[in-house]
1. Just name one of 121, 328, 549: the one whose Cα is farthest towards the positive end of the charge dipole of the chain (beta-carbon charges, Lys/Arg +1, Asp/Glu -1).
2. Using a Cα-Cα cut-off of under 19 Å, which lysines could be cross-linked to residue 442, ignoring same-chain neighbours fewer than 8 residues away?
3. Mean separation of Cα pairs under 8 Å and 6+ residues apart, divided by the residue count of the range 555-653: what relative contact order is that in percent?
4. Nearest 10 degrees is fine. How inclined is helix 620-633 to the longest principal axis of the chain, computing both from alpha carbons?
5. For the range 143-271, what number results from the quotient of the Cα radius of gyration and 2.2 N^0.38 Å?
6. At a Förster distance of 41 Å, what's the computed FRET efficiency of residue 116 paired with residue 311, Cβ-Cβ distance as r, to 0.05?
7. Please report, for the Cα atoms of the range 555-653, the Rg to one decimal and the Dmax as a whole number; what are they, in angstrom?
8. Rounded to the nearest 10 degrees, what's the angle between the helix 555-585 long axis and the longest principal axis of the chain, both from Cα atoms, 0 to 90?
Amino acid sequence: MSGDSPSSKTQVATEACRASVPDDPIVGIDLGTTNSLVAFADAAGPRILSLGSDLESVEDEASSQNGNGLVPSVVRYRGDVVEAVGREAAAGLEDHATRTVYSVKRYMGRRFDDRREDAAASPYRVVEGARGLSGIEIDGRMRSPEEISADLLAHLRDRASEALGVPVRRAVVTVPAYFDDAQRQATRDAGRIAGIDVVRILNEPTAAALAYGIGGRGDAETIVVYDLGGGTFDVTVLEVMPADPSSPDGEAIFRVLATAGDTRLGGDDFDRVLLEDLHDAAMAESDPERRARRLAVLRAVGGRAKIALSDAAATRIRLDGGGVVPDLDRTLDRADFEVAARPLVDRTLDACERALKDAGLERAAIDRVVLVGGSTRMPMIREAVETWFDRPAYVALDPDRVIALGAAVQGSILAGTRRDALLLDVIPLSLGLETAGGAVAKLVVRNTMVPTRSVEMFSTSVDGQLNVGLHVVQGEREMVADCRSLARFELRGLPPMPAGIPQIEVAFNVDANGVLGVDAVERRSGRRARVQVVPSNGLTRDEVDRIEADSVTHARDDMMVHRVVDLAVNAALDVKWITEALDRVRADVDTEVVASVEAGLVELQALITQAREDPRSVDPDAFHAAKDRLDRASMPVHEASIARSLRNEASSGD
Ligand code: ADP
Ligand code: MG
């Protein structure tokens, strides 16, 4: 294992291998309160469509957390026209606070009377519209929430069509599990206005489960989906009856046992808590235009700071208000934030308690907990939920993308293009860990039935390594460069120890849904780290076959390279130890011995260098023999070294 920055790798499974897009695809759309996304699933599984203006059609799953693909659910109007949608509209929110609509999902299919409080706090005008429903009035023009959602959907559809290269007409659209008939109908209507055939309205928690392959096989499960988004919190208890394997198009049955939550609790509240005093001051502003602007600025600044605190222990915010809003310069600590936000976290846990009570279940009866929503990226949320449920949660898929991914899976089921079930029952490709020199230690070999568990001990190859980089890979080849990279994480804060002394226990756990959890613990210090991934993502049966065939072709060559790489690691430790010992005892051994050891060191060092540069050019047998020769030649050095330590001990003793 190396602590250095990881070596470059070739991604084996790439877009080039993906199946072509059908004529009339069914995409999955997460029409979120804060952000919306489109995904598409084919034989390789679901992927988020990148909807940026740069229009790469496919986004690397592992890449940027908050990057492309997420379209802010924001629309700006001017008179009769849509002036901006998505990122552009969100960016202009501060300057066009009264003409920019966000969080319109709150008003879908709801009576104005039920939304008076939201309406009062809204920078854009929400009024009572037709039939007592909510309406949004901008520049004297009234629009229904459905129309505004339709403008969003049309934008998503157009971008998705560009990304896929075919016109998109059909979609699975997700809604919260608690949405009633009126709200579902409003969502359907929005699709209709946008010219989209909504082939199914899917519950968001069900989508999250589908994205993780839950319901694909195995036993019935009870799962909890904890979804903390931008403005809302939902917790759902779901019962899943897997699809009947004998009927290939059979769908799993997802039954909602209970829902609870809070339609006024989400990431926005955490932003607010972070800058509580400033928020209060802004609310006290009497001029509505200025109040809207100040709130919008705080929303943006607070949101950015909060996201920074998910990765860092502290962050500094500075703002030049230009006389329009007050200037700002302060440093925020995660620890303080966590204390201030604890009541919000507790409210979510209270809702979990209510949901379980309504479902008539104890915490122990829950098989899995799935985390959804961008706000679950806050470490305090994950810790609180895992502690409360007393089990690790599903976090492998990006929490703000998992619903769209699941909607796409449902789309592929409805389109009859669902992925190869063979991939789901066994580990399709071996799973392993990168070791020193870029070789792979396989912990789980391919075709192992799931669930499965495997544990191995590793150590370090560099003295005093404080952080150990762990790289989880997939594939049949012997070298990391020829495998598919699944995840990287770090075991941090080890006490300094010589190379080879830390005992790093690494456990690979693949559960019944094919989700891989990797846990690493350094035994002496107790330091831990973990990561979770879905290894079958992005894999098709064809690709698995190709990778297997490849490994057969390269088997002999690969074994040789693996041997050379391992030899280089061991030989490097030899060179280090022997050089140190020789420096200590040079005066105690014959000059011929010194000469032959030094010659051996030079020879071995040259082979190590060559092996690092091009392992294929080194003959492993010759390498081994050289290492052996040096080991033998240096025996007198070791003996002299031991003798010297014994003398030192004797002279320092009482
Ligand atoms: P919704 O379901 O409401 O559309 P999302 O699931 O996209 O919302 O979540 C949006 C929320 O997630 C926002 O409040 C945003 O600030 C928050 N968020 C996104 N990334 C992070 C992060 N890394 N740390 C904390 N909060 C985050
Ligand atoms: Mg959401």
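1. 121
2. Within reach: 9.
3. Numbers: 73 pairs, mean separation 40.8, N = 99.
Averaging sequence separation for qualifying contacts and normalising by length gives 41 percent for the range 555-653.
4. 50
5. On the way: Rg = 16.5 Å, N = 129, 2.2 N^0.38 = 13.9 Å.
Normalised by 2.2 N^0.38 Å, the Cα Rg of the range 143-271 equals 1.18.
6. Numbers: r = 38 Å, r/R0 = 0.93.
Here the calculated transfer efficiency is 0.60.
7. 15.9, 57
8. Helix 555-585 sits at roughly 60 degrees to that axis.
The values are calculated or read from the model by the stated rules, or taken from the named source; none is laboratory data. Not measured: the values here are computed from a predicted model. Glycine gets a Cβ as well: all are built from the backbone with ideal geometry, and neighbour counts include every protein chain shown. Each accessible area value is taken on the protein alone, full model and side chains, heavy atoms only, with ligands, DNA and RNA left out. Shrake-Rupley method; radii C 1.70, N 1.55, O 1.52, S 1.80 Å.
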